[in-house]
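To keep things clear, I will list the structure first and then write my remarks on it.
The values are calculated or read from the model by the stated rules, or taken from the named source; none is laboratory data. Given the structure is predicted, the values throughout are model-derived calculations rather than measurements. Here Cβ is always computed from backbone atoms with ideal geometry, including for glycine, and neighbour counts include all displayed protein chains. With ligands, DNA and RNA removed, areas are computed over all heavy atoms of the protein, side chains included. Shrake-Rupley method; radii C 1.70, N 1.55, O 1.52, S 1.80 Å.
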Amino acid sequence: MTSRRHRSLPDFEDRKVVDHYMDRLDTRGVSRRDFLALASAGLSASAAATALGLPSVAVADPSGKIAYLAWSASTEYNQLVSKGAEAASKALGQNYVFLDGQIDSTRQLNQFEQLTTSRAAGGFFNILDGSALRRVSKVAEDTKTYFGAIWDSVAWYTPFDAGEYYTLYAVPEEDDAHRRVSAEVLKAVTETFGGGDVVALTGTPGNWCETARNRGRDDAFKDFPKTKLVDKLPGKWLREESLRATEDLLSRNKNIVGIITQNDDEAQGALAALRNAGIKPGKDVFVGGADGTSLGSQAIKRGLQTATSGNSPVYTGALFAARIFDVTHGWQPRAAERQLYWRALTVTRDNIDSYIDRYVDNKDVEPFDYRKLSHVLHPNDWDPQADLYPIDVEHHWRGYPKPDGWSLPKAYAEAKARGELEAVKAEYADRNKIKFDGPSPNRKA
């Protein structure tokens, strides 16, 4: 029976046959090479079955939209994430939409519900309130719509708790990244003034990213005993809020020589407040940020900002767009691949030129090979293009009390016990040929 079924399938090595079935399938935006790559990933039978009218086998609609659901379109970080997601979606033959949550998690949930009623491949969130992910997960399961999430989440809530359609939770490892950025600020303060008072702008209380960055910042002070964190106020990730908060901090503290902020949008607000007060950033006060945005990078180049964490927001968008593409085209992640960290660069005056050349003023040379981020299209030479590795759940949520009766999800616990986390980390490191701190793979020599 098996041999008869195989003999009935089309010969996908024949170009005319491929063209015939591409015409019969809804394959707008898919090239012959992509079609054959899907076949090599094990989907040729599904494609043939669909074309021949066989039941219970489906191929994802390649014209389906990939959506980025941002908590606000007003931050440069979210704008750059969208840029990466759009570029990757285009390279993968997908449509794309950027949805502005307007600082309202209920609005983001409604946007996702509306998305599931369209011909969408799926979407990914930078969600304002992580608790909304439980409802998102329910909608995703009910409608069989894949999604991913970056940054905020419910503590100890994992994709395994949500079901198979929560395909990826991924963030930079922020404790380490912000410790290194903070250390650059404290080093400059110590070398210039012999130490002194430092203030901080925080994010949204309770948010994982804020907690992790605060922890990394505080840890950096241990190596610079002549510096002291004397005050802090929330900047809420926004430039305007941070400008006002910095003005308050300056009025309350007369000897500030350092400001450590939670992101580059906050750093921009701090820089504006310093200029308004007649204080020279980079000389009188040293400022640190995070995320490696264009404005943050340019401020470092001009000597106004001391450091940022170059996690490349464009990479964020590209990584999630590629994941949505892959899972809607038949690829299934292992347990260890559903929660991932990547390692950010520490960007200072020493390496700002190369960072700007690739990630900021790149003269339309895309910083990544977006197609190689797809396991489906590049099963043999897939490249994460960053130091990407599995999250240890208990390490990630340390500092947050475990819910009563909580235990590691079964699939994750089994993967961890059999060494899958370490194996995936080693495999990804071996596949990482396009280095995050190197030149763009699209840059001609």
Original post:
Do we find a residue being farther than 27 Å from TYR359 by Cα and either surrounded by fewer than 24 Cβ atoms within 10 Å (Cβ to Cβ) or among the hydrophobic types (A, V, I, L, M, F, W, C) (or both) anywhere in the range 256-272?
Top reply: yes
Subject >> Residue within the range 176-199 that is in contact with a Ser or Thr (Cβ under 7 Å, 6 or more places away or on another chain) and polar (S, T, N, Q) present >> reply: yes
**OP:** Could you check how many residues of the range 298-336 are part of a helix (DSSP H, G or I), closer than 30 Å to GLU266 by Cα and among the hydrophobic types (A, V, I, L, M, F, W, C)?
**Re:** 8
**OP:** Go through the range 273-294 and count every residue that is out of contact with any Leu (no Cβ under 9 Å at 6 or more places or on another chain), open to solvent by 10 Å² or more (accessible area, probe 1.4 Å) and not basic (Lys, Arg).
**Re:** 1
Subject >> Which listed residue, of LEU233, LEU250, is within 17 Å of ASN214 (Cα to Cα) and aliphatic (A, V, I, L, M) >> reply: LEU233
Subject >> In the range 106-153, the residues that are in a loop (DSSP other than H, G, I, E, B) and open to solvent by less than 30 Å² (accessible area, probe 1.4 Å) >> reply: ILE127, THR145, TRP151, ASP152, SER153
**OP:** Test GLU173 against the criterion of being open to solvent by 20 Å² or more (accessible area, probe 1.4 Å) and charged (D, E, K, R), and give yes or no.
**Re:** yes
**OP:** Find all pairs meeting these conditions: Cβ atoms under 6 angstrom apart; at least six residues apart or on different chains; first residue within the range 166-180 and touching a residue at least 24 places away in the same chain (Cβ under 8 Å) and among the aliphatic types (A, V, I, L, M); second residue open to solvent by 10 Å² or more (accessible area, probe 1.4 Å) and not in a loop (DSSP other than H, G, I, E, B).
**Re:** LEU168/ARG323
**OP:** Look at the range 212-243 and say how many of its residues are assigned to a helix (DSSP H, G or I) and open to solvent by 40 Å² or more (accessible area, probe 1.4 Å).
**Re:** 9
**OP:** For residues that are open to solvent by 10 Å² or more (accessible area, probe 1.4 Å), closer than 16 Å to ILE324 by Cβ and part of a strand (DSSP E or B), tally how many sit in the range 65-102.
**Re:** 6
Original post:
Counting only residues that are under 15 Å from ALA344 (Cα atoms) and either in contact with a Phe, Trp or Tyr (Cβ under 9 Å, 6 or more places away or on another chain) or open to solvent by 100 Å² or more (accessible area, probe 1.4 Å) (or both), how many does the range 436-445 have?
Top reply: 2
**OP:** Sort through VAL181, VAL198 and tell me the only one that's under 24 Å from the mean Cα position of the chain (by Cα) and open to solvent by less than 10 Å² (accessible area, probe 1.4 Å).
**Re:** VAL181
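Can you work out which of the residues in the range 422-435 that are touching a strand residue (DSSP E or B) at 6+ places or on another chain (Cβ under 6 Å) and under 10 Å from ASP387 (Cα atoms) is least open to solvent (accessible area, probe 1.4 Å)?
Only one residue fits best here, namely TYR428.
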Subject >> Filtered residues of the range 337-372 (kept if among the aliphatic types (A, V, I, L, M), open to solvent by 10 Å² or more (accessible area, probe 1.4 Å) and in a helix (DSSP H, G or I)) >> reply: ILE356
